[in-house]
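The values are calculated or read from the model by the stated rules, or taken from the named source; none is laboratory data. In this text the structure is predicted, and so the values were computed from the model without any measurement. Every residue, glycine among them, receives a Cβ derived from its backbone with ideal geometry; neighbour counts consider all protein chains shown. Please note that ligands, DNA and RNA were not included when accessible areas were found on the heavy atoms of the full protein model with its side chains. Shrake-Rupley method; radii C 1.70, N 1.55, O 1.52, S 1.80 Å.
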Amino acid sequence: MLGIAVALVGRNQPVGIALASLLFGFLDRSAQILDLENIPKEITIIMRGVIILAVVIAYEVVRRFVIAQDVRAAAARTKGLATQAGVEAS
């Protein structure tokens, strides 16, 4: 389960996976320290969930933004070609 989360956060890129594994390793280590300070260690599970949700939402927002830009660029090119064809036909 943790490996899937690391790959998801790291976007299946070697450097990203290395950084994500360090992040999740830090969270695991901090759970032990929090337990010594009488803070519930389950807080790290919540933090993992928040990180995963934030990453998934951010990736989806960026993906949709890029798609919208591509559609706008294609529409502008099509409009430009239609205008050129209209001028040449006249």
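Going by the conditions given, is Gln84 free of Cβ contacts under 8 Å to residues at least 60 places away in the same chain, open to solvent by 90 Å² or more (accessible area, probe 1.4 Å), in a helix (DSSP H, G or I) and in contact with a Lys or Arg (Cβ under 9 Å, 6 or more places away or on another chain)? Taking the combined requirement at face value, the residue does not satisfy it. Close Cβ contacts (under 7 Å, 6 or more residues apart or on different chains) running from residues in the stretch 40-65 that are under 20 Å from Ile17 (Cβ atoms) to residues that are β-branched (Val, Ile, Thr) and at pLDDT below 95 comprise Ile51/Val9; Ile52/Val9; Val55/Val9. Looking across Val56, Val6, one residue alone is open to solvent by 50 Å² or more (accessible area, probe 1.4 Å) and part of a helix (DSSP H, G or I). It is Val56. So, in the stretch 13-36, exactly how many residues are modelled with pLDDT of 90 or more and open to solvent by 100 Å² or more (accessible area, probe 1.4 Å)? Summing the residues that are modelled with pLDDT of 90 or more and open to solvent by 100 Å² or more (accessible area, probe 1.4 Å) in the stretch 13-36 gives 7.
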